[in-house]
1. Test Pro309 against the stated conditions and say whether it is farther than 29 Å from Arg418 by Cα and either β-branched (Val, Ile, Thr) or over 22 Å from the mean Cα position of the chain (by Cα) (or both).
2. All but one of (1) under 20 Å from the mean Cα position of the chain (by Cα); (2) within 20 Å of Glu252 (Cβ to Cβ) hold for Gly324; which doesn't?
3. Hey, among the residues in segment 102-148 that are within 23 Å of Pro243 (Cβ to Cβ), open to solvent by 20 Å² or more (accessible area, probe 1.4 Å) and modelled with pLDDT of 95 or more, which one's nearest to the chain's Cα centre (by Cα)?
4. From the list Glu383, Glu393, pick out the single residue that is in a helix (DSSP H, G or I), more than 22 Å from Asp250 (Cα to Cα), of a type outside the set (S, T, N, Q) and at pLDDT 95 or above.
5. Considering only segment 347-392, state which residues are open to solvent by 10 Å² or more (accessible area, probe 1.4 Å), within 16 Å of Leu414 (Cβ to Cβ) and either of a type in the set (Val, Ile, Thr) or out of contact with any strand residue (DSSP E or B) (no Cβ under 9 Å at 6 or more places or on another chain) (or both).
6. Out of the residues in segment 407-419 meeting the condition of being touching a residue at least 24 places away in the same chain (Cβ under 8 Å) and either of a type in the set (Asp, Glu) or open to solvent by 30 Å² or more (accessible area, probe 1.4 Å) (or both), tell me which one is nearest to Arg340 (Cα to Cα).
7. Among the numbered conditions (1) open to solvent by 40 Å² or more (accessible area, probe 1.4 Å); (2) part of a helix (DSSP H, G or I); (3) of a type outside the set (A, V, I, L, M), tell me where Glu268 comes up short.
8. Looking only at segment 230-249, decide whether some residue is open to solvent by 50 Å² or more (accessible area, probe 1.4 Å), touching a strand residue (DSSP E or B) at 6+ places or on another chain (Cβ under 6 Å) and not aromatic (Phe, Trp, Tyr).
Amino acid sequence: MCSDLRRLLGSEHVHEPPHDSPYNRDASRRRGVEGRADAVVLPASAEEVAAVLRWCYDNDVPIVARGGGTGLTGGAVATEGGVVCSLERLREVRALEPALWRLEVEAGVSTRHVQRLARENGLMFAPDPGAAEQSQIGGNAATNAGGPHALKYGVTGSWVAGLETALAPGELVQLGGWARKDVAGYDLKSLLVGSEGTLGIITAVRLGLLPAPETAIALVVFLRTRAEGCEAMLDVLAAGVQPSALDFADGETLQMVAGSYPGSVPPEAGFALLAEVDGTRAEAHAQRAALVEVLSDAAIAIEEPAEPPALWRWRDGFNGVVTGVRGGKVSEDVVFPVERLAEGLERFDEIGARHGLRSCAWGHGGEGNVHATVLVDPASEPELDAAEAAAEELFALTVSLGGSITGEHGVGWLKRGRLASQWDTRALELHELIKAAFDPKGLLNPGKKLAR
């Protein structure tokens, strides 16, 4: 295998990875997801990606596309062997046209670099999933990644105008483009966005950008109870205020992260909202005033950080701080209908208690997107088993309330087959037919994003 691939790419860009190679895992490793790749390839161009895919299809070898390895569901792990195709060398900025609000970059460009290029040209790219320095734009498109500002600006797919993609049996295809209106055919571009490498390998992304808002104002609103906090979020939406972000932290989370908060957390606070508004200076201040008016009656305190980025750095740190409390955690990305968020959080709390586990939750409250978490000792098999049992109950609860098993982390390996609990039978059949149409041999990221 490797000798053939070396003839395609050069010997220095094809490796036989040891078991403990970072290419055999992603951020789901702590959940026990390990790969067994037979080869790792690092192509330098889209044409080389297509050539590798062609070789894999000719030789019936599985191929798994890999971006920054920051995924949380095992989506970039070669669980069935084969070739890991790392896109880290595809870093070209193919086009940057600020006057037309657009940018085309190859799949290996980091999320942070895309954000930086936009900002330096008076524009914005709003999707902000975690690990922006490590995550890559191809992976963000492949998973349809989100983040706090998806409430106003949408997930990654909302910004994708077109894709260059290597499709089976090994050819480059352009999907979408720069035309601002195009309803000429089926939306194949959107099928690839969020497909997690199971339909094709994204090699370049065309992004539509927006003018950067003149200003952004952040508010942290502390409330006494979970019920009051969830009601306050509904009040914000009902009032017609359009925050760019409306995140939350429940009382347990707040206890754990309070020490790193760039301010003072009131001791009686049992819930916190992290809100941001943006626009022209006049628009942002009008939205801020509207938020304060809606929230002031229920709030214990409302703080306005002088530097909004500091607030979001604190928010980005929740995952590490919570993990450090007991050395491990099991966290599931689920979505409740926003009007049933309070019920979902309360019942998740009951699930954790029933399994003898400390639980907490935070997430993107304006969308009902929750990172529902239980703390564990990673060396305790009984606790890990209890956490998995709690997760099963959580998924059942989510579906029963009309929600989704994933909002932004994808299906990958860990949530394979769970769509069957959420979708009608005919929808599942169509999901499988689409997979078969794009990948008749089933070699593209096999075992991932399975419907049932």
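1. On the way: farther than 29 Å from Arg418 by Cα: yes; either β-branched (Val, Ile, Thr) or over 22 Å from the mean Cα position of the chain (by Cα) (or both): no.
So Pro309 fails the test.
2. (1)
3. Only one residue tops the list, namely Asn144.
4. Working: Glu393 fails: more than 22 Å from Asp250 (Cα to Cα).
Checking each option against the conditions leaves just Glu383.
5. Asp385, Ala389, Glu392
6. Just the residues of segment 407-419 that are touching a residue at least 24 places away in the same chain (Cβ under 8 Å), to begin with: 407-417, 419.
Within this subset, residues satisfying the condition of being either of a type in the set (Asp, Glu) or open to solvent by 30 Å² or more (accessible area, probe 1.4 Å) (or both) are 407-409, 413-414, 416.
Values: Gly407: 15, Glu408: 19, His409: 21, Trp413: 28, Leu414: 25, Arg416: 25 Å.
Applying the filter and picking the extreme gives Gly407.
7. Tallying (1) open to solvent by 40 Å² or more (accessible area, probe 1.4 Å); (2) part of a helix (DSSP H, G or I); (3) of a type outside the set (A, V, I, L, M), Glu268 fails exactly one: (2).
8. Looking only at segment 230-249, we keep the residues that are open to solvent by 50 Å² or more (accessible area, probe 1.4 Å), and these are 231, 234-235, 237-240, 242.
With the extra rule that they be touching a strand residue (DSSP E or B) at 6+ places or on another chain (Cβ under 6 Å), the set shrinks to none.
No, segment 230-249 contains no residue that is open to solvent by 50 Å² or more (accessible area, probe 1.4 Å), touching a strand residue (DSSP E or B) at 6+ places or on another chain (Cβ under 6 Å) and not aromatic (Phe, Trp, Tyr).
The values are calculated or read from the model by the stated rules, or taken from the named source; none is laboratory data. Nothing here was measured: the structure is a model prediction, and the numbers come from that model. FYI the Cβ positions are ideal-geometry reconstructions off the backbone, even for glycines, and counts take in every protein chain you see. Each accessible area value is taken on the protein alone, full model and side chains, heavy atoms only, with ligands, DNA and RNA left out. Shrake-Rupley method; radii C 1.70, N 1.55, O 1.52, S 1.80 Å.
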